[in-house]
Amino acid sequence: MKIHEVSSADYHTLLKCNRADIFAPESYLSKSVLWELNSSSLFKWRFHPREFSPTPAMQWGSLVDCLTTTPELVEEEIRISPFSSYRTKEAKDWRDKQLAVGKTIITQQQFDEGVKASEMLMQTNVQSAEIFDGSLKQVIIGAKISGVQFKGLVDLAPVGKDYLVDLKTTGMDFTLEGFSKAIANFGYHVQAGLYLALWNSTHPADTRQRFKIVWQSSQPPYEVCVTELHRDEIAAGLKTALRLLGKLKHAAQEDHWPMLAENETPILNRPVWASMQDEDDV
């Protein structure tokens, strides 16, 4: 498999994290797995990992991603469902079989709309069109960071440029403020910091310093907006990644995975907005 011909589904089947031994040769951390620690105790991360089950929004994103970056793999990776629902055993078995091997399941109508979205993504926005022209696509990057093996999947690496590009489809607030909130909520700054570090480690003759995000609305007419993450956010993202990784390494080395606030008794207050209601009641 050539480095620029891997689908996102292939990548997720290749990515295996051994939570019992993160230092094992066959184990790889990803940004998503590491980011779980931002809102989870070490105990939960180790013993109750988040189960990956693709949501309709994720399936849509995978469809547009595949149509846009690896169209030659659409027939292999995309499955158009022959069922209108999954209430019958036959339908459930078919769905589970497809998901088990990393396929993206969509309807014919979704596929047709996905083609429109992909065309809009590549052709309508001038900056977007420039990014897609001559880029390496779906590039797996892997290297050790602080002694732990990581893997990542770069959507686009424009040849001769000093930046990497990630594609994001969103059905949420399609505004600059909405994008900023998504970066904070989903840790996209951490992704940027990690991916640039991994890329520069494995591509010393082609280092990158910048990180762009191409946003596309998942609703017609599939508006596109190209943004660039501020260098301070990239640095903060890598710093956060190293902090979370430090917690994880310490727990793994000690084989101690503490629960939330295990050795303390936190004093709780209601959120500020709830306290403000007291003033309104006076």
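What the table shows:
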quantity: Cα-based shape type of the stretch 228-282, given that a ≥ b ≥ c are square roots of the gyration tensor eigenvalues and the cut on a/c is 1.5; calculated: oblate
quantity: Mean residue ellipticity (222 nm) of the chain, computed from DSSP H runs ≥ 4 via -39,500 (n - 2.57), nearest 500; calculated: -14000 deg cm²/dmol
quantity: The chain - share of DSSP beta bridges that are antiparallel (%, nearest 5); calculated: 55 percent
quantity: Isotropically averaged projected area of the stretch 16-135, using the convex hull of Cα atoms (one quarter of hull area), nm²; calculated: 10.6 nm²
quantity: The stretch 216-238-the stretch 90-123 distance, computed between alpha-carbon centres (Å); calculated: 24 Å
quantity: Contact order normalised by residue count of the chain, Cα under 8 Å, 6+ apart, percent; calculated: 21 percent
quantity: Sequence of Glu113, Glu76 once ranked by neighbouring C-beta atoms within 10 Å, starting from the fewest; calculated: Glu76, Glu113
quantity: Distance between the stretch 124-179 and the stretch 190-212 - C-alpha centres, whole angstrom; calculated: 11 Å
quantity: The stretch 41-88 shape via C-alpha gyration tensor axes, a/c threshold 1.5; calculated: oblate
quantity: Cα gyration tensor shape of the stretch 78-149, rounded if a/c is under 1.5, else prolate or oblate by comparing a/b with b/c; calculated: oblate
quantity: Estimated dipole of the stretch 8-260 in Debye, rounded to 20 [Cβ of Lys and Arg +1, of Asp and Glu -1, Cα centre]; calculated: 900 debye
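Where a number appears in this text, it was derived from the coordinates with a stated rule and is not lab data. Predicted model only: the values in this text are computed from it and were never measured. Using ideal geometry, Cβ is built from the backbone for each residue, glycine included, and neighbour counts are taken over all protein chains shown.
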